[in-house]
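Colleague: One structure, pasted below without further comment.
Derivation of every value follows stated rules applied to the coordinates shown; laboratory data play no part. In this text the structure is predicted, and so the values were computed from the model without any measurement. Glycine also receives a Cβ, built like all others from the backbone with ideal geometry; neighbour counts cover every protein chain displayed.
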Amino acid sequence: MNNIEIIGLIAAFLTTASFVPQVYKTWKTKDVSGLSLPMFSMFTLGIILWLIYGIYSNSISIILANTVTVVLSFMLVYFKLKYSKRK
């Protein structure tokens with residue numbers, strides 16, 4: 001593994017981990033008023049495309065980061081749909 005791959009893995013970890021606090025907060029409070037469904041829908045589609053790109057590019061940092069991020073993003077979209085109906 002070279003230095004650029006290490007930088008990529010660190011960047012992937014940090015950007016992916018940044019979603020965890022929002023997912024946790026939304027899950028605990030069930031407050032989705034500040035979440036934009038169109039934004040997270042477009043973001044999730046973009047992450048899926050990045051994942052496909054990573055697979056075809058054989059880039060482990062892109063594959064790992066986007067696999068986890070797509071799950072976290074799907075969770076926020078799910079929470080937005082589920083908790084918005086309660087109001």
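Colleague: Would you mind classifying region 8-48 by shape? Square roots of the alpha carbon gyration tensor eigenvalues, ordered a ≥ b ≥ c; an a/c under 1.5 is rounded, otherwise it is prolate if a/b is larger than b/c and oblate if not.
Modeller: Numbers: a/c = 3.57, a/b = 1.34, b/c = 2.66.
Since a/c reaches 1.5 but b/c is at least a/b, the shape of region 8-48 is classed as oblate.
Colleague: Cα axis of helix 20-29 to longest principal axis of the chain: angle in degrees, 0 to 90, nearest 10?
Modeller: 10
Colleague: What value, in deg cm²/dmol to 500, does the helix sum -39500 (n - 2.57) over DSSP H runs of n ≥ 4 give at 222 nm once divided by the residues of the chain?
Modeller: Details: 4 runs with 71 residues, N = 87.
When only DSSP H runs of four or more count, the value is -27500 deg cm²/dmol.
Colleague: How many nm separate the modelled label positions at I48 and V77, each set 7 Å beyond the Cα in the direction of the Cβ?
Modeller: For the pair I48/V77, the computed spacing is 0.6 nm.
Colleague: Rounding to the nearest 10 and keeping the result within 0 to 90°, find how far the Cα-based axis of helix 37-57 lies from the longest principal axis of the chain.
Modeller: 20
Colleague: Sticking with this one: Using only the Cα atoms, what convex hull volume per residue in Å³ does region 1-76 have?
Modeller: On the way: hull volume 5.7 nm³, N = 76.
Dividing the Cα hull volume of region 1-76 by its residue count gives 75 Å³.
Colleague: If you build the Cα gyration tensor of region 34-77 and take the root of 5 times each eigenvalue, what three semi-axes come out, in whole angstrom, biggest first? Spell out each step's value before the answer.
Modeller: Values: eigenvalues 92, 19, 6 Å².
For region 34-77, the semi-axes come out at 21, 10, 6 Å.
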